[in-house]
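Take a look at the structure set out below.
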Amino acid sequence: MSEHTDKGTATGAAAAGAAVGAAVDVEAVPAARARQLWHLLEPLHALLYYAPEVFEESAALGYDPSDRWPSYFPLRAAPLGAAGPERVTSAFYSFAPHMVTEHIESAWQVATPQQVLDARLRGIDRAYRAILGDRVDRPELAEAAALARRAAEAAGTAGRPLAAANAALPWPEAPHLQLWHAATILREHRGDGHLAALLLADLDPVESLVSFAAMGAASVERFESRGWRPEQWSAAAARLAGRGLLAPDGTATEAGLALRRRVEEDTDRLAAAPWQSLGGTGVDRLTELLGDYWVAVLSTGLLPSESTLGIGKV
């Protein structure tokens, strides 16, 4: 067990979470708020893949630090255990299988999943301290962590492999690490639900990216980072055009836009349940508290201005 973790005992921020839980109202939280909370929490999680402190910890294990992908795959997949390419490709969905195989086949020869899990907590601890300074010790952060943890612990994980794997890990003891861990569970919970929405829309992995690029969520060049070859991208575009979802110039038709809107709305609906545990007052308070940390993370310039997740575009 890492020195950063406990076993979920009611100490520190966990005790604060119990106090928060006793005070929240039971007002229903609209599904649309789930997207707003995701926009606020995603940067707090995503530092895992961009912070130099995490790269240093990964490099110390033996992963190539010259590019983010050699560490990205084990950092994200480690909660699943020593999963092979097939399982990781399934869970990650939108990455080309050959890209997953390239990085995962050797990942667990470099370090064990537990070593990666310990390294990612050390890296996030260092990154948060570097970015937030003495704010990591302030009561406002502990309050935000308690609220986020309450939502994360209310997140159902049936049919959600990445959310379940992260939820099964011990909770870190420090409030700032609890905030990061909660953000991670909640973003993977949303992500798992998003894959269900894509399947319901009959969008396969590469079609999900082509259709998202077609509505302007990000540039085609940004989506090419997921490893699909030009001929695979073109074939997917042809399939979507045959369904009336893409225009000849590659942009989304009205039907294509409507389908993607439905995917995002279904994703919001499937992501909404954890936030009901906070009630409207709790969600409002967490939104207020997260603003300062969201700004601090974005102000570092570490995160890309354009994301394949479509944040700020959907």
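Using all Cα-Cα distances in the range 189-307, what percent lands in each 10 angstrom bin from 0 up to the longest?
All Cα pairs, binned at 10 Å, distribute as 12, 33, 31, 19, 5 percent.
What is the Cα centroid distance between the range 32-104 and the range 117-191, reported in whole angstrom?
So the separation of the two Cα centres works out to 15 Å.
Calculated from DSSP H runs of 4 or more alone, at -39500 (n - 2.57) each and per residue, what is the 222 nm mean residue ellipticity of the chain, nearest 500?
Dividing the helical sum by the residues of the chain leaves -20000 deg cm²/dmol.
Quick one: what do you get for the range 83-139 if you divide its Cα Rg by 2.2 N^0.38 Å?
Against the empirical 2.2 N^0.38 Å value, I get 1.56 for the range 83-139.
What would the Debye formula give as log10 I(q)/I(0) at q = 0.13, 0.22, 0.23 Å⁻¹ for the alpha-carbon point model of the range 126-226, no solvent?
-0.64, -1.02, -1.05
Give me the accessible area per residue for the range 150-200, probe 1.4 Å, as a whole number in Å².
31 Å²
Could you tell me the calculated FRET efficiency between R262 and D64, based on Cβ-Cβ distance and R0 = 51 angstrom, to the nearest 0.05?
Approximately 0.80, to the nearest 0.05.
Can you give me the solvent accessible area of E264 with a 1.4 Å probe, rounded to the nearest 10 Å²?
Its accessible surface works out to 10 Å², give or take rounding.
No solvent, one uniform scatterer per C-alpha: report log10 I(q)/I(0) for the range 106-173 via the Debye equation at q = 0.12, 0.15 1/Å, two decimals.
-0.45, -0.68
Quick one: which residues, 5 or more positions from L246 or on another chain, have an amide H under 5 Å from its amide H? H modelled 1.01 Å from N in the peptide plane, none for Pro or chain starts.
A241, T253
Between A273, A255, A217, find the one with the highest GNM mean-square fluctuation for the chain; connect C-alpha pairs within less than 10 Å.
Top of the fluctuation ranking is A255.
What's the whole-number percent of alpha carbon pairs in the range 45-158 lying beyond 18 angstrom?
Tail of P(r) above 18 Å: 56 percent of Cα pairs.
Can you find, among A119, Q36, V54, the residue farthest towards the positive end of the dipole of the chain? Put +1 on the C-beta of Lys and Arg, -1 on that of Asp and Glu.
Most positive-ward Cα: Q36.
Pick out, from W171, S219, L198, the residue whose Cα sits farthest towards the positive end of the charge dipole of the range 85-225, with +1 on the Cβ of Lys and Arg and -1 on the Cβ of Asp and Glu.
So the residue we want is W171.
Relative to the longest principal axis of the C-alpha atoms of the chain, give the angle of the C-alpha long axis of helix 279-299, reported between 0 and 90° and rounded to the nearest 10°.
For 279-299 against the chain, the angle is about 80 degrees.
From Cα coordinates alone, what are the radius of gyration and Dmax values for the range 57-109 in angstrom?
Taking only Cα atoms of the range 57-109, I get Rg and Dmax of 10.3, 29 Å.
Report the Cα-based extents of the chain along its three principal axes, largest first, to the nearest Å.
57, 48, 35
Grab the beta carbon distance between D134 and E288, set R0 = 25 Å, and tell me the FRET efficiency rounded to 0.05.
0.80
How big is the range 219-259 on each of its three principal axes, counting only the C-alpha atoms and giving the largest first in Å?
Extents along the principal axes, in whole Å: 27, 17, 17.
Taking 0.36 nm per residue of separation and subtracting the Cα-Cα distance, what length does fully extending S234 through A247 add?
Roughly 3.4 nm would be gained on extension.
To the nearest 20 Debye, how big is the dipole of the chain about its Cα centre, given +1 on the beta carbon of each Lys and Arg and -1 on that of each Asp and Glu?
Dipole about the Cα centre, nearest 20: 380 debye.
The values are calculated or read from the model by the stated rules, or taken from the named source; none is laboratory data. Quantities reported herein were computed from a predicted structural model and do not represent experimental measurements. All Cβ positions, even for glycine, are placed from backbone atoms using ideal geometry, and neighbour counts span all protein chains on display. Surface accessibility is based on the protein's heavy atoms, side chains included, excluding ligands, DNA and RNA. Shrake-Rupley method; radii C 1.70, N 1.55, O 1.52, S 1.80 Å.
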